[in-house]
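What follows draws every value from the coordinates through simple rules; no lab data is involved. Being a predicted model, the structure only gives us computed values, none of them experimental. In this analysis, Cβ positions are derived from the backbone assuming ideal geometry, glycine residues included, and neighbour counts consider all displayed protein chains.
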Amino acid sequence: MKNIIYIASFLGLIIVGCDSESRISELADVGDKGAIPILTEDLSSSFKLSDVAGSEVSFAVEFFDTENGNSVASYDWNVAYTLIAGTDTTDLTAELATFNSFTPNADGIQSLDVTITMNEVLSALGITSNDVSEGDEFDFSGIIVLNDGRTFSSDNSNEGRLDALWGFDVNVDKETIVLDSWSSNVTYLGDGASDTLFLTFDTDVITAPTVARISSEGNTDDVVGAVTATTDDDVFYLIYEAGTAATDTISFMVSGAEAVVGFPMESETISVFITDNAAPGAELASISAQISMDSIASVSVEFSYGEVLSTDSIMYEVTSADFDDFMVKLPQSADSEMSSLTFTPMNGTAKLEEQQIEFDVTITAGTDLAGNEINSTFTGIILND
């Protein structure tokens, strides 16, 4: 039993000895590096142009050296900032603060709680909040001065410790709201047709946006409904009703939305709808005939409309003094600006011999994206070569 106790005690001595050696090794290393400021509470920072007086950065450190931090005379902080005025930039640097009064913590190590206000930073740099913009960056760097006059910073001290606080950056908070996205159900609208425009912002809105319609053709018959909030604080909508303009691009200027009072969004113009009250302008694109055994085997006619059609079929009525009249409804390719008709001209049950023929084609029943119906008639001639 005595042997067991002896072994346990011996192991305990070994364990304590290892801890001590590790501590001594660390202290020996830090002795060459002066002293290290160790972060003991998470750094907190918030620089807001809407609340400069309440903006600050704060943190807490203890000083790690061979004397429980007693070798540290002061902990100094500098700040750097790039001032941008138009196309000109000026790099500013300033001595910000010197801290030389420390308090031993529960372990007897000299410690310090630091708070630096945004006003102190601006004053040190000789600028005001009017010189600063959202997203601007302030670069802070720390220096330890020892009692013997030596100085240590990130340049010559131990950067291996992740909790060593030698510097940090603070960006000015973004407070101006941004229109993140917009959406509608359709693009093309005819007279009196309406659709809902949804506006989604990048954060919750406290001041609703103002929306003004912009019409390139000066169309005044369309309407903008009231801008209305949804149950989501970042989404608004309005109802747009198309006017009587033949064709008109309808855009909207969105402005005034705020997430923070006094920081309205930058005005943004979005193109949303096409007011279209004009029937598709059909044009004859091509015409050809296939001859076989001295007879007209087929006639192919292709039409172009200058805009995408939304219909799934088109009605063709063909009349001629040279062959029998007929009417046919043919499938139409979705989202196409073209259509085609191929037929064999007949007299009763007989094909026509190779000859010159003339015929009219009337196109109906097809519609464009705004619902305007095609109603065009073309004359086609096949010449006898």
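Key figures
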| item | result |
| --- | --- |
| Potential lengthening between Ala212 and Phe378 on full extension [0.36 nm per residue; Cα-Cα distance subtracted] | 55.5 nm |
| Residue of Phe152, Phe140, Phe323 that the Gaussian network model of the chain assigns the largest fluctuation, springs spanning Cα pairs under 10 Å | Phe323 |
| Summed residue charge, Cβ within 12 Å of Asp221's Cβ, Lys/Arg positive, Asp/Glu negative | -4 |
| Cβ-placed point charges (K, R +1; D, E -1), dipole of the stretch 153-261 about Cα centre in debye, nearest 20 | 120 |
| Counted charge near Leu92, where neighbours are those whose Cβ lies closer than 11 Å (Asp, Glu -1; Lys, Arg +1) | -3 |
| Convex hull of Cα atoms in the stretch 105-188, direction-averaged projection (nm²) | 12.1 |
| Mean Cα-pair separation over length for the chain, i.e. relative contact order, pairs under 8 Å, 6 or more apart, % | 11 |
| Sequence-distant aspartates and glutamates (8 or more away, or on other chains) whose Cα lies within less than 12 Å of Lys329 | Asp312, Glu317 |
| Tail beyond 40 Å, pair distance distribution of the chain (Cα, percent) | 56 |
| Cα gyration tensor shape of the stretch 209-311, rounded if a/c is under 1.5, else prolate or oblate by comparing a/b with b/c | prolate |
| Computed P(r) (all Cα pairs; the stretch 159-204; 10 Å bins; percent) | 18, 23, 18, 16, 11, 9, 5, 0 |
| Whole-Hz ³J(HN,Hα) from phi, Karplus 6.51 cos²θ - 1.76 cosθ + 1.60, for the stretch 321-328, glycine and proline x | 7, 9, 7, 5, 6, 7, 9, 9 |
| Residue order, fewest to most beta carbons within 10 Å, for Ser339, Ser71, Ser58, Ser181 | Ser181, Ser58, Ser71, Ser339 |
| For the stretch 187-193, 3J(HN,Hα) per residue [Karplus equation, 6.51 cos²θ - 1.76 cosθ + 1.60, θ = phi - 60°, Hz, x = Gly/Pro] | 10, 9, 9, x, 3, x, 6 |
| Size of electric dipole in the chain: Cβ of Lys, Arg +1 and of Asp, Glu -1, about Cα centre, debye, nearest 20 | 1100 |
| Residue-averaged 222 nm ellipticity for the chain, from DSSP H runs of 4+ at -39500 (n - 2.57), nearest 500 | -3500 deg cm²/dmol |
| Taking N as its residue count, the alpha carbon Rg of the stretch 71-123 over 2.2 N^0.38 Å | 1.61 |
| Equivalent ellipsoid, the stretch 282-385 (semi-axes from 5 times Cα gyration tensor eigenvalues, Å) | 27, 13, 11 |
| Amide H contacts under 5 Å for Asp234, placed H, 5+ residues apart | Val205 |
| Net +/- balance of residues flanking Leu112 in space, Cβ distance below 13 Å, scoring K and R +1, D and E -1 | -4 |
| Under-5 Å amide H pairs with Gly167, H placed in peptide plane, nonlocal only | Gly142 |
| Farthest toward positive dipole pole in the chain [+1 Lys/Arg, -1 Asp/Glu at C-beta], among Phe152, Ala259, Phe47 | Phe152 |
| Signed unit charges on C-beta, dipole axis of the stretch 49-166, positive-most listed residue Gly86, Gly135, Phe64 | Phe64 |
| Exposure proxy ranking, count of Cβ atoms within 10 Å, fewest first, for Arg213, Arg150 | Arg150, Arg213 |
| Ratio Rg/Rh [Cα only; Rh per Kirkwood] for the stretch 160-257 | 1.26 |
